[in-house]
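The values are calculated or read from the model by the stated rules, or taken from the named source; none is laboratory data. Predicted, not measured: the structure shown is a model, and the values here were computed from it. With ideal geometry, Cβ positions are generated from the backbone for all residues, glycine too; neighbour counts draw on all protein chains shown. Quick note on the areas: whole protein, heavy atoms, side chains included, nothing else; ligands and nucleic acids left out. Shrake-Rupley method; radii C 1.70, N 1.55, O 1.52, S 1.80 Å.
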Amino acid sequence: MEKLIITACICGAEVTKEQNPAVPYTVEEIAREAKSAYDAGAALIHLHVREDDGTPTQNKERFEACIKAIKEVCPDVIVQVSTGGAVGMSNEERLQPLLLNPEMATLDCGTCNFGGDEIFVNTENMIIDFVKNMNERNVKPEIEVFDKGMVDMACRLQRKGHIKTPMHFDFVMGVNGGISAEARDLVFMVGSIPQGSTWTVAGVGRNQFPMAAMGILMGGHVRVGFEDNVYLEKGVPAKSNGELVAKAARLAKELGRELATPAEARKILGLPEQK
Ligand code: KMH
Ligand code: ZN
């Protein structure tokens with residue numbers, strides 16, 4: 001089987017230090033968490049950034065500082081910026097990190113409830129605008145889908161020529177408002193994407209490691225990290241993102257999947273070699 005890409009979503013926009021004191025806010029903390037994940041086997045960092053007080057931001061300068069700090073300690077890691085940001089941000093704010101010409105960025109392919117009164121808005125025209133922006137800058141989108149209809153939206157936009165092939169999907173499963181995280185759900189999602197696509201799975205909360213194990217077995221890739229889950233096991237907060245990545249790496253080893261280095265991950269994802 002193809003080598004396994006572990007993505008670490010080290011920070012997110014919603015999770016707080018009250019939930020786990022190791023959640024990073026400052027530039028230094030973000031670099032520390034990226035390094036812990038990279039040392040444990042992550043080839044890719046899915047990046048959100050915060051102000052020092054924890055407020056989520058899409059500020060270009062803050063992203064620039066964080067990416068620089070990450071690259072100083074993990075020079076070859078792939079950094080994928082979030083264009084999802086936090087619920088309620090404007091499109092202009094969300095698009096800011098693309099100005100840095102990152103290797104990858106997320107492309108959220110539909111609107112969904114996000115718990116309580118929160119709605120994560122991604123209309124069809126927004127998706128077209130976001131991907132146009134990525135295409136102009138040669139940024140590879142990771143198509144984030146929280147439900148099956150979002151896979152269909154991405155495929156429709158691919159057929160219309162907006163999204164390039166091969167597509168790379170991230171199935172985010174278990175969000176309160178999106179698809180649940182049962183084995184049958186992942187089988188359904190994987191069976192719904194075009195041949196030649198790559199995919200990763202991000203199980204939310206207690207679904208993180210069951211979904212990771214399924215992703216490893218089914219030949220996909222996996223995402224773990226504080227954005228989606230702060231516990232190493234029931235009732236045990238993870239001390240770092242590295243602990244979560246190390247657990248995914250142990251599962252991979254037991255199940256016979258070798259880990260992809262960042263260079264190998266670039267090949268699998270069709271990204272240009274790092275200069
Ligand atoms: N924070 C969520 C509202 C992304 O990174 O593109 C959206 C999110 C998706 O995290
Ligand atoms: Zn995210």
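Quick notes
- Principal semi-axes of the equivalent ellipsoid, √(5λ) from the alpha carbon gyration tensor of the stretch 49-182, are 23, 19, 14 Å from largest down.
- Cross-link partners of Lys140 among lysines (Cα-Cα below 17 Å; sequence separation of 8 or more within a chain): Lys132, Lys164, Lys267, Lys275
- Rolling a 1.4 angstrom probe over the protein heavy atoms with all chains in place gives the stretch 6-269 an accessible area of 41 Å² per residue.
- Accessible area ranking (1.4 Å probe, heavy atoms, ligands and nucleic acids excluded), largest first, for Lys17, Lys234: Lys234, Lys17.
- For the stretch 1-60, alpha-carbon Rg relative to the globular expectation (2.2 N^0.38 Å, N residues): 1.18
- Sorted into 10 angstrom bins from 0, the C-alpha pair distances of the stretch 30-122 split as 16, 46, 30, 8, 0 percent.
- Förster radius 30 Å - calculated FRET efficiency between Glu64 and Glu118, Cβ distance, rounded to 0.05: 0.60
- Computed Rg/Rh of the stretch 6-269, alpha carbon atoms with Kirkwood Rh: 0.92
- Percent carbon-and-sulfur accessible area, the chain, ignoring ligands, DNA and RNA, probe 1.4 Å: 51 percent
- Within the same chain, lysines fewer than 8 places from Lys234 are excluded, and of the rest, those with a Cα less than 23 Å from its Cα are Lys17, Lys247, Lys253.
- Sequence-separation-based contact order of the stretch 122-210, relative, with Cα cut under 8 Å and 6+ spacing, percent: 29 percent
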